[in-house]
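Read the structure below first, then the notes.
The values are calculated or read from the model by the stated rules, or taken from the named source; none is laboratory data. Bear in mind that the values here come from a model prediction, so they are computed numbers and not experimental data. With ideal geometry, Cβ positions are generated from the backbone for all residues, glycine too; neighbour counts draw on all protein chains shown. What goes into the accessible areas is simple: the full protein's heavy atoms, side chains included, and nothing from ligands, DNA or RNA. Shrake-Rupley method; radii C 1.70, N 1.55, O 1.52, S 1.80 Å.
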Amino acid sequence: MNTTKTTYDRRSFLKSSLLAGGGMMLSVSWLSSAKAADKLQALNLPEQWVQLNGYIQITPDNVIKLICPNPEFGQNVMTSLPMMVAEELDADWKNVVVEMGPHDNARLGPQFTGGSNSVRMYWKPLREAGAAARQMLCEAAAQTWSVPVGEVTTKAGVLHHASGKSAKYGEMASKAATLVVPKGMKLKAPKDFTIVRHSKKNVEGHKIVTGKPLFGLDYRADGMLIAMIQHPPGFGMKLKSFDASQMIKMPGIKDVFTLKLYPDGFEQGGFDTRTFNELLVVVGKTTWEVMNARKKLKVQWEPMGDVKDTMTGRSGKREVTVPGELETTSAQLDKMQEYASKAAQQLRKDGDPETAFKNAAQVIERTYNAPFLAHNCMEPMNFFAHVTDEKAVVAGPLQAPGWAEPTLSKLLNLPADKIEIQMTRMGGGFGRRAYSQYMYEAALISKKVKAPVKLMYTREDDMTYGIYRPMYTATYRAALDANKNLIGFHVKGGGIPEHAIHANRFPAGAVDNYLAESWEIPSNITIGAFRAPRSNFNAAAEQSFLDEVAEAMGKDPIEFRLDLLKKAKASPVGKNNEYDADRYASVLTLVRDKSGWNKPGNEKYHRGVAAYFCHNSYAAHVVDIVTRDGEPYVERVFSAMDCGIVVNPDAARNMVQGAVVDGIGNAFYGALTHKNGAAEQSNFHNYRMIRHNEAPKKIEVHFVENDLDPTGLGEPPFPPVFGAVANALYKNKGKRYYNQPFKPELDKRI
Amino acid sequence: MAKYSLKINGKIRQLDVDPATPMLWVLRDHLDMPGTKYGCGIAQCGACKVHLNGVAVPSCQLPVSAVGNQAVTTIEGLSAKGDHPVQKAWLEHDVAQCGYCQAGQIMTAAALLKENSKPTDADIDAAMSGNICRCGTYLRIKEAIKSAAKEVSTSSSSTRK
């Protein structure tokens, strides 16, 4: 549990960051003023941490505390980000302790976990922070020893001089903290890395295996009450009336009431998505008492009708009408088919696709569908809040505290500097926890009952609440000439309520005549980012389709893609192609070589390949299926990644392996369907998750070796798994699978 | 409400609670032992597993009234210093991603090895398939169980000598 008491006044940091100037680097403000350092030194406590800058604190006895700025949800930033600081600091990793930072965007940067951005975003600022601190320590030693600073060297947390003098960082830290922070530090060349690129264990590993309270749901405070929300049984429903007369008398129950989340006309930020605005809240002493009492609530619900929301965002303020219809999956599929046949919005056009298709000797057309998916983080949504008239303390699992704070400030009518957000470790996120409505709910409940409160969603609350991966469809068409050359490519994709098309991704840029179009159907089923948003469907559909096109052209699927990439490199078609053709090709050749593609020795496997680029990294997988107990089973996977410099190799492999398992699970089983507005799955008995016996026996992960600045890994390996599974399944079953999840069709249930 | 005297992690704990309260919530809310996790509440995910007389059971389905004299072990009590062979193996293989399900995975694995110190892949699958990991760390869990099994079987064979 992160309950750090910060020893600084937040406003002083805001001030120093303003002095430092603008831009992201400078929003990472250095604690550079002698004033602030004086303040720390004036405490004159031998064990006091001496703070060299926002990220680095050192004790006189040489313990180095590095602050992790970004929330941790399993992507291992609490280890990888401090590794970057420690590298340039020349710290001894053995003496490093890591602590989750407080929420303080001014001092610690954007603090957003999502978009596979943490490592990429902090790569430069964190190394500069380490290098600056190292330089200050050298300067302090030079002054103390009366030698030129250029003669002071460092190694593993110790300062040296040729005269034989040496000192541990801790001995020089107090003096160093009084010095001016240097700027424009020269950073190490990758060949000199001793920490980055060298696997380090998860810094919270021991706490995890011993069950220490790390997560939001573990948070506890004196006098804390438990709150739960009864939400409507379906999307498009709202509360009509309720009778709590029976349950209010039950043991431990304190209060039952309704509460509005956003006032009428409230301007919601882009990540303020909520499904239901009127909350029916039960508050009591313990979880079990509240759970039980809630079952005794007598509630009547009614259709909500069309609702207007006011949204604000980069495109300005806009009114959005949310339709009130109670939706059913079969009707949604029919509606998608209807929309797919209508004119759509053109996203990109190269050449003359109409003529290419008209003149084609062969046209291949295939349609792919995928359902809503629930994030199903193992830790359900929850948040702690203690709100008084003067201030608010909130603590819990959240991916984007900086986005949530302005809304919370408006809802509570408290200035931001009266709001303290503590970031706990998250039991998974996958995009779900970028949407903070559960934090707002907790805060409003605490304000109402005038007590510290922990709001908890049960698994059922969590799974049936919405903020899902959208429901998608896409129709792909390929035009081949008489010599089986690919002369035209067309994708038309739609979704409820968003489409998935990335118009500027491969194979855009590699085909002379290209057209991408999209359409959307509004819905009251709320959606949110889900591990590699949009890409998680695109890669499935497009990579299955390309497999089929390669087959029709009589080409090997890897060679076919490499040929297209060669063309995209040599004579790119159109503008704004988002991918680097060489890097894309490099993961394909790596996975081809490592998997022994087309090489003898793999006859027992039905093999499928897919590759994709998203979130600045490149991924390719070869999936090997065998038949086990009469069913297709992914026994083995080879993965190749290009994410530039791999900061923490073993943890990176873990991330890729996990994404592969997650992808296989969602490809075969993941689905959230609806009947009359209600989610038909509510818990793990009817929402199937991949389990131990269904995971591959082996997932071999390889990284392209280069010295490019690192990019993320949380999302990129996930999307192409779906396509590779579909392509291997085709080899195994002799039949193409177009509808996710694949399992019902394999079982002939549909 | 009823009074209970429970044997948890080798200590006697007294409490006065609704007899139907699952051990999961007794541990988390009444005894301030939040290492045991809530994941589904219907014995489908395994995050809440504890040992009842050495057997891994989902504590969300175990009413406090059913515990009686049986010894309860939680993740907090699996070892004094976090050095049970399974815990050590989890660190060696750097298993965890988000880490939320791992207490349940570890308790299930520890119970398996107690009964079967040389589990096959199929034994591991059978024992562990009640535990969901949304991050997908299953491969490392399996490797870690095999490492722990080596340590368990080495130490038990040396005891026999």
| Inter-centroid distance (Cα atoms) of the range A:290-331 relative to the range A:697-750, Å | 34
| message | With every protein chain left in place and a probe of 1.4 Å, what is the accessible surface of A:ARG134, to the nearest 10 Å²? | response | 60
| Which three semi-axes in whole Å describe the equivalent ellipsoid of the range A:471-746, each the square root of 5 times a Cα gyration tensor eigenvalue, listed largest first? | 26, 24, 20
| query | Separation of the range A:627-666 and the range A:391-450 by C-alpha centroid, Å? | reply | 34
| request: Would you kindly work out the equivalent ellipsoid of the protein assembly as shown from its C-alpha gyration tensor and give its semi-axes, the square roots of five times the eigenvalues, largest first in whole Å? | output: 41, 37, 31
| task | Over all alpha-carbon pairs in chain B, figure out the percentage whose distance exceeds 23 Å. | result | 36
| Computed E for A:HIS160/A:LEU708 - FRET, C-beta separation, R0 35 angstrom, nearest 0.05 | 0.60
| If the viscosity is 1.306 mPa s and the temperature 10 °C, what translational diffusion coefficient in µm²/s does Stokes-Einstein give for the range A:92-176 when Rh comes from Kirkwood over Cα pairs? | 108
| Buried on assembly, the range A:667-692 (at least 20 Å² less accessible surface than by itself, 1.4 Å probe) | A:ASN683, A:PHE684, A:HIS685, A:MET689, A:ILE690, A:ARG691, A:HIS692
| Efficiency of FRET between B:ASP123 and A:LYS594 - r from beta-carbon atoms, R0 35 angstrom, step 0.05 | 0.70
| task | Over both sides of the B-A contact, add up the buried accessible area with a 1.4 Å probe and give it to the nearest 100 Å². | result | 4700
| query | Using alpha carbon coordinates only, what is the Rg to Rh ratio of the range A:149-215, with Rh defined as the Kirkwood radius? | reply | 1.10
| What number comes out for the charge environment of A:LYS240, summing +1 per Lys or Arg and -1 per Asp or Glu over other residues with Cβ under 15 Å away? | -1
| said: Need the C-alpha centroid separation for the range A:188-204 versus the range A:525-549, integer Å. | reply: 33
| If you average 1/r over all unlike Cα pairs in the range B:85-156 and invert the result, what Kirkwood radius do you get in angstrom? | 11.8
| query | Using modelled backbone amide H atoms (1.01 Å from N, in-plane), which distant-in-sequence or interchain residues come within less than 5 Å of A:LEU279's amide H? | reply | A:LEU259, A:LYS260, A:LEU261
| query | Around A:GLU365, what is the net charge, scoring Lys/Arg as +1 and Asp/Glu as -1 over all other residues with Cβ under 13 Å from its Cβ? | reply | +3
| message | With n ≥ 4 as the cut-off for DSSP H runs, can you work out [θ] at 222 nm for chain A, using -39500 (n - 2.57) per run divided by the number of residues, rounded to the nearest 500? | response | -9000 deg cm²/dmol
| task | Kindly provide the helix-only [θ] at 222 nm of chain B, computed as the sum of -39,500 (n - 2.57) over DSSP H runs of four or more divided by all residues, to the nearest 500 deg cm²/dmol? | result | -10500 deg cm²/dmol
| task | With a 1.4 Å probe and all protein chains in place, put A:HIS674, A:HIS490 in order of accessible area, largest first. | result | A:HIS490, A:HIS674
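From the mean inverse distance of alpha carbon pairs (Kirkwood) and the Cα radius of gyration, derive Rg over Rh for the range A:461-524.
On the way: Rg = 15.8 Å, Rh = 13.6 Å.
Result for the range A:461-524 is an Rg/Rh of 1.17.
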